[in-house]
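J.: First the structure, then my questions, so here it is.
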Amino acid sequence: MSKSVAAYEQALVAVLSEVKARGLNLDDLLQKTSSGIMGNASYTWVGAEYKTEVLGILESAVQQVK
């Protein structure tokens with residue numbers, strides 16, 4: 001894993017941990033975020049060829065925080 005990838009994953013886990021600490025539902029967040037990524041929400045800039053990998057990383061991070 002590159003340093004850059006490790007840094008992004010650490011940042012994602014940190015944000016999700018704070019979301020969880022504030023009592024927000026991570027499963028709901030995962031579902032809405034996944035829908036947004038697949039539906040080309042304003043925060044999505046990767047092409048279709050990367051979306052499956054992005055969703056896998058997101059799901060893995062949520063499971064790590066749970």
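A short reminder: the numbers here are calculations on the coordinates, not readings from a lab. Computed from a predicted model, the values in this text were never measured in an experiment. In this analysis, Cβ positions are derived from the backbone assuming ideal geometry, glycine residues included, and neighbour counts consider all displayed protein chains.
J.: In the list 23, 36, 56, which residue meets the criterion of being not in a helix (DSSP H, G or I) and not basic (Lys, Arg)?
T.: 23
J.: Here's a follow-up. Within the bounds of the stretch 1-16, is there any residue that is in a loop (DSSP other than H, G, I, E, B), of a type in the set (Lys, Arg) and surrounded by fewer than 11 Cβ atoms within 10 Å (Cβ to Cβ)?
T.: No - not one qualifying residue is present in the stretch 1-16.
J.: Further question: Determine, yes or no, whether residue 49 is of a type in the set (Asp, Glu), surrounded by 10 or more Cβ atoms within 10 Å (Cβ to Cβ) and in a helix (DSSP H, G or I). Spell out how you get there, then give the answer.
T.: Numbers: of a type in the set (Asp, Glu): yes; surrounded by 10 or more Cβ atoms within 10 Å (Cβ to Cβ): no; in a helix (DSSP H, G or I): yes.
So residue 49 does not fit the description; no.
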